[in-house]
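The values are calculated or read from the model by the stated rules, or taken from the named source; none is laboratory data. Quick caveat, the model's predicted, so the values are computed rather than measured. Here the Cβ positions follow ideal geometry from the backbone for every residue, glycine too, while neighbour counts run over all protein chains shown.
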Amino acid sequence: MEVKAALRERLAGIYELDSTGAKRSLQMEGVRGFAVLLVFFVHYHALFQPWMREGSPTFALSDFLWSIGHTGVDLFFVLSGYLIYGLVIKRRNNYGSFIKRRVVRIYPAFLCVLAIYIALSVMLPAESRIPTGAGAASSYILQNFLLLPGMTSVQPIITVSWSLSYEFFFYLFIPALVALLMMRRWSPIARVLFFFTLAVVYASHCFTSGDERIRLIMFISGILLYEAMHSYNLGARLHPRTDYLVLIALALTFLMVYVLTGQQGRLSFLPDSDKFKEMYRTIVLFGSFGLLVLASLSSNALLGRIFSWTPLRWLGNMSYSYYLIHGLTLKGVAMFAHRLVPSTDGSIMAFLFGLPPAFGLTLVSATLLFVLVEKRFSIATREKKQTESERLTPLESGSVQVAEIR
């Protein structure tokens, strides 16, 4: 027992972010862990599906997890909307200082992983995305340094970094919007109506123009969630049995996402369901994930226990590092596995038995990045009196960009 307690204390020293716990949200940490776990399945399926026979039960399960795994980044966007909006609406912030803190939070781990990708691109030119020629290469690397992939058509060097572009756009946009419109003086209902209308107008724009950045409305889902919890105390009104209804709704949401992602023509009752599947998918997640986070953060029952589970919380606390590095780790594991076990239709067991060690290695690489870079250069530099909402920014503190995720 003493050994177990000592091990737990050692691990807590690595993965816990706050020893005081004054305003801690254990469920928030767990939700981030759940989000990044979803992203893991996106990359695992993409890299290890050659070991499966298409049409087999194993392939069907992995394909389902791949489909729903793409929603991990949407969940991170909801969390970011909730946390960053809460930070901005509660008090006036110096815009320059606010952006500087976001830069310090995002860039150290990102630059470390970007440097690794660039070094590997030089060592393995066949795997490189960097164009030849000093000028073109420098321009491309600079564009990635500025987090342009995602909001622009630039392809990312780090597959998942497109989501950081969305995140940083939100960081730049929301404090300016709140300040310019003096939204702190508005009534809560006025703010709710404004942001809901903004989501509807922007979603309509995406439907009519073909703009693929509809996932930006997931930040608004988080904004509305904040107002629901802090202006109307909606979370306190939920019955413990609501948790079961939320889990049923989540299961139905994942089923619909799976059908929209890969089952062409199955939702023919929706206008142009195949053409606008990304739009429909995001609209469903807008409500479903908002409800999930609302119930999870407010729950002392089932959802509260699930998302307060220590291993899941610890994964959530290092989710930003995990999000950045796990895809590269899995790529290395897959390249090594191909040498050991050729991918044939008869090697499904290699796929199944490879999952635990592959996941374990992603935890190792993420822990190294978390301890050596993120905690040292981002978390440790935050102001001592920083609020909990700023500390827990998701695609930063453990947020994700889901692997290519698309």
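Descriptive notes on the structure:
- Checked against the criterion of being at pLDDT below 90, crowded, with 18+ Cβ neighbours inside 10 Å and assigned to a helix (DSSP H, G or I), the candidates 354, 304, 327 yield just one match: 354.
- Residue in the range 262-269 that is touching a helix residue (DSSP H, G or I) at 6+ places or on another chain (Cβ under 8 Å), modelled with pLDDT under 70 and either surrounded by fewer than 18 Cβ atoms within 10 Å (Cβ to Cβ) or among the aromatic types (Phe, Trp, Tyr) (or both) present: yes
- Test: residue in the range 128-149 that is of a type in the set (Ser, Thr, Tyr) and touching a residue at least 24 places away in the same chain (Cβ under 8 Å): no
- Single unsatisfied condition, residue 60 versus (1) in contact (Cβ under 8 Å) with a residue 24 or more places away in the chain; (2) over 16 Å from residue 163 (Cβ atoms); (3) not hydroxyl-bearing (Ser, Thr, Tyr): (1)
- Residue selected from the range 109-127 under the condition without any contact (Cβ under 8 Å) to a residue 40 or more places away in the chain and within 23 Å of the chain's Cα centre (by Cα), by the criterion surrounded by the most Cβ atoms within 10 Å (Cβ to Cβ): 111
Okay, residues lined up against (1) farther than 23 Å from residue 342 by Cβ; (2) at pLDDT 95 or above; (3) assigned to a helix (DSSP H, G or I):
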{"position": "11", "(1), (2), (3)": "yes, yes, yes"}
{"position": "17", "(1), (2), (3)": "yes, no, no"}
{"position": "30", "(1), (2), (3)": "yes, yes, yes"}
{"position": "49", "(1), (2), (3)": "no, no, yes"}
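- Residue 106, sole failed condition from (1) buried (at least 20 other Cβ atoms within 10 Å of the Cβ); (2) closer than 30 Å to residue 185 by Cβ; (3) hydrophobic (A, V, I, L, M, F, W, C): (2)
- Out of 366, 380, sole residue that is loosely packed, with under 13 Cβ neighbours inside 10 Å, closer than 22 Å to residue 107 by Cβ and modelled with pLDDT of 60 or more: 380
- Test: residue in the range 211-230 that is modelled with pLDDT under 95 and closer than 30 Å to residue 276 by Cα: yes
- Annotation note: Cβ proximity below 9 Å between a residue of the range 193-214 that is under 17 Å from residue 226 (Cβ atoms) and a residue that is not in a helix (DSSP H, G or I) (sequence gap 6+ or interchain) occurs for 194/181; 194/186.
- Only one of 80, 121 that is within 30 Å of residue 280 (Cα to Cα) and of a type in the set (S, T, N, Q): 80
- Residue 208 among the β-branched types (Val, Ile, Thr) and closer than 23 Å to residue 325 by Cα: no
- Condition check for residue 84: hydrophobic (A, V, I, L, M, F, W, C), under 25 Å from residue 216 (Cβ atoms) and either at pLDDT below 95 or surrounded by fewer than 22 Cβ atoms within 10 Å (Cβ to Cβ) (or both): no
- Within the range 270-297, tally of residues that are more than 27 Å from residue 164 (Cα to Cα) and modelled with pLDDT of 95 or more: 0
- For residue 188, the criteria (1) at pLDDT 95 or above; (2) out of contact with any Asp or Glu (no Cβ under 8 Å at 6 or more places or on another chain) hold in every case but one, which is (2).
- Here residue 37 fulfils each of the conditions (1) buried (at least 24 other Cβ atoms within 10 Å of the Cβ); (2) within 15 Å of the chain's Cα centre (by Cα); (3) of a type outside the set (Ser, Thr, Tyr) apart from (1).
- Residues located in the range 112-128, provided they are out of contact with any helix residue (DSSP H, G or I) (no Cβ under 8 Å at 6 or more places or on another chain) and part of a helix (DSSP H, G or I): 115, 119, 122, 123, 125, 126
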